[in-house]
Amino acid sequence: MKKLIMLLFTVSIAAIATAQNTYQPGYYITNSGNRIDCLILNIAWKNSPTEFQFKINENEQPVTADIKTVKEFSVDNAYKFRRFTTKMERSASDVNKLDREAAAKWNEETIFLNVLVEGNVTLYKYEEGNMIKYFFSTGNHEKAEQLLHKEYVVNGVIMKNSTYKQQLYNLMKDKINSTKRFEKLQYKKESLVDLFVEYNGDTNTKNLTEKQNSGSVNLKLKAGAGMATLYAENVINYYEMDFESSVVFRAGAELEYILPFNNNKWSLFIDPYFSAYSAKGSDGNINYSAKYNSVSLPIGARHYFYVTNNSKIFVNAMMSFDFVVGDAAITYNLNKLDIENTSHFAVGAGYATGNISAEIRYDFSRGLLNRYQYWASEFETFALVLGYKFL
């Protein structure tokens, strides 16, 4: 089993070693206004950057440029960042850190803003951790103004300063004069993007969010088989039961959410499956047996390494919660030890192409006899799991 575990880690390390981020066509504009066409490392930024890496061509070494020397950069016609020195309000969105005043506290900052919708009126986003702020610009777009939305607490009640609604109404009432349209407007990317696209009109709008990363859901059917080992020992009299390795079958499904950043390389998933295990053993004098059917509920995170646009290597880690199905027990010499619900940690590595995936999954040892004070047990599995994505 140790050799199999080493194989799993070798696959994972190989995936990390061979995977690489992508340099894609783009440009940047210097402080003097010169446009430099180049290849930019596209990391599908979640947080607003202060620097980026680029190459003049594939054979060159990467160079880092930063906000001090670059006033705009763009990559893959999807991500465009413009530098502004503007007043910024940084109120927290964390309930435990909310301010107690409605008034905004402004500070002048130099920042890169992510262009979401480009037109006569342009929409930008600034993101840093859990803080998301939106900005707009008009005319020659040399200045950006923040759309003010601030949550604050008064006597334990969360209140909202929604000045952004009035700002946008004043800005757009020449074409959108319904006050209800703005009263119901949420301070969220989708709502604001729709509004700016509507105001600018189809001919004057470039919606960059259409090519930017967005979250998505995958649903898979999964089935697999592997080897399982079980060992049990009475810690008082040192009686041991070392079961023969046995085949264990599993079938289930997976719900995966692809996170909307870093080129969709990260995901969260829940992977319920049913498995059936039975085995026998003997110490020469006493025969013993085990039967253990269970429903496991792994919850974990996955990271992808793209090989081509349609194929990728992945590694994942998870915590699994295991629930006994039916009569599960270890029996020996007319004695019966009931198996109980438990939990364990698991890791995996695999390859996916199109709708098909194959994964090597190792489930670390779990105790099946924890209810018994004088019994210790270890149950481990190593399996090949196949998946088919239909959503």
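For K220, the criteria (1) modelled with pLDDT of 95 or more; (2) among the charged types (D, E, K, R); (3) farther than 30 Å from T381 by Cβ hold in every case but one, which is (3). Those strands (runs of 3 or more DSSP E) of region 261-360 in which 2 or more residues are closer than 30 Å to S214 by Cα and β-branched (V, I, T) occupy 287-308, 311-324, 342-353. Applying a threshold of 6 Å to beta carbon distances and a minimum spacing of six or more residues, or different chains, the list of pairs starting in region 364-391 at a residue that is free of Cβ contacts under 8 Å to residues at least 60 places away in the same chain and ending at one that is open to solvent by 60 Å² or more (accessible area, probe 1.4 Å) reads F364/F345; S365/E378. Close Cβ contacts (under 7 Å, 6 or more residues apart or on different chains) running from residues in region 247-267 that are without any contact (Cβ under 8 Å) to a residue 60 or more places away in the chain to residues that are open to solvent by 20 Å² or more (accessible area, probe 1.4 Å) and aromatic (F, W, Y) comprise A251/F274; G252/F274; L259/W266; S267/Y257.
Has region 328-336 got any residue that is small (G, A, S) and either farther than 19 Å from S294 by Cα or open to solvent by 70 Å² or more (accessible area, probe 1.4 Å) (or both)? Scanning region 328-336 turns up no residue that is small (G, A, S) and either farther than 19 Å from S294 by Cα or open to solvent by 70 Å² or more (accessible area, probe 1.4 Å) (or both). Residue count for region 119-134 satisfying the condition of being closer than 19 Å to G201 by Cα and at pLDDT 95 or above: 4. Scanning region 92-112 for residues that are of a type in the set (S, T, N, Q) and surrounded by 10 or more Cβ atoms within 10 Å (Cβ to Cβ) turns up S93, T110. Filtered by the rule that a residue be more than 21 Å from F305 (Cβ to Cβ), open to solvent by 50 Å² or more (accessible area, probe 1.4 Å) and under 22 Å from the mean Cα position of the chain (by Cα), region 36-89 gives a lone residue, N47. The residue list S289, S275, S296, S267 contains one member that is in contact with a His (Cβ under 9 Å, 6 or more places away or on another chain), more than 24 Å from Y79 (Cβ to Cβ) and hydroxyl-bearing (S, T, Y), which is S296. The residues of region 347-391 that are farther than 23 Å from V325 by Cβ, hydroxyl-bearing (S, T, Y) and open to solvent by 40 Å² or more (accessible area, probe 1.4 Å), listed by number, are Y351, T353, Y374, Y388.
M227 is checked against (1) within 30 Å of L391 (Cβ to Cβ); (2) in contact with a Phe, Trp or Tyr (Cβ under 8 Å, 6 or more places away or on another chain); (3) surrounded by 14 or more Cβ atoms within 10 Å (Cβ to Cβ); (4) not hydroxyl-bearing (S, T, Y) and fails just one. What number does that condition carry? In the conditions (1) within 30 Å of L391 (Cβ to Cβ); (2) in contact with a Phe, Trp or Tyr (Cβ under 8 Å, 6 or more places away or on another chain); (3) surrounded by 14 or more Cβ atoms within 10 Å (Cβ to Cβ); (4) not hydroxyl-bearing (S, T, Y), M227 misses (1) alone. For region 283-312, a residue qualifies if it is open to solvent by 40 Å² or more (accessible area, probe 1.4 Å), at pLDDT below 95 and over 15 Å from F243 (Cα atoms), and the qualifying residues are Y306, V307, T308, N309, N310, K312. Within the option set M227, M172, being of a type outside the set (F, W, Y) and farther than 30 Å from N47 by Cα holds for one residue only, M227.
The values are calculated or read from the model by the stated rules, or taken from the named source; none is laboratory data. Predicted model, so just to flag it, every value in this text is computed and none were measured. Methodologically, a virtual Cβ is constructed for each residue, glycine included, from the backbone with ideal geometry; neighbour enumeration extends over all protein chains shown. With ligands, DNA and RNA removed, areas are computed over all heavy atoms of the protein, side chains included. Shrake-Rupley method; radii C 1.70, N 1.55, O 1.52, S 1.80 Å.
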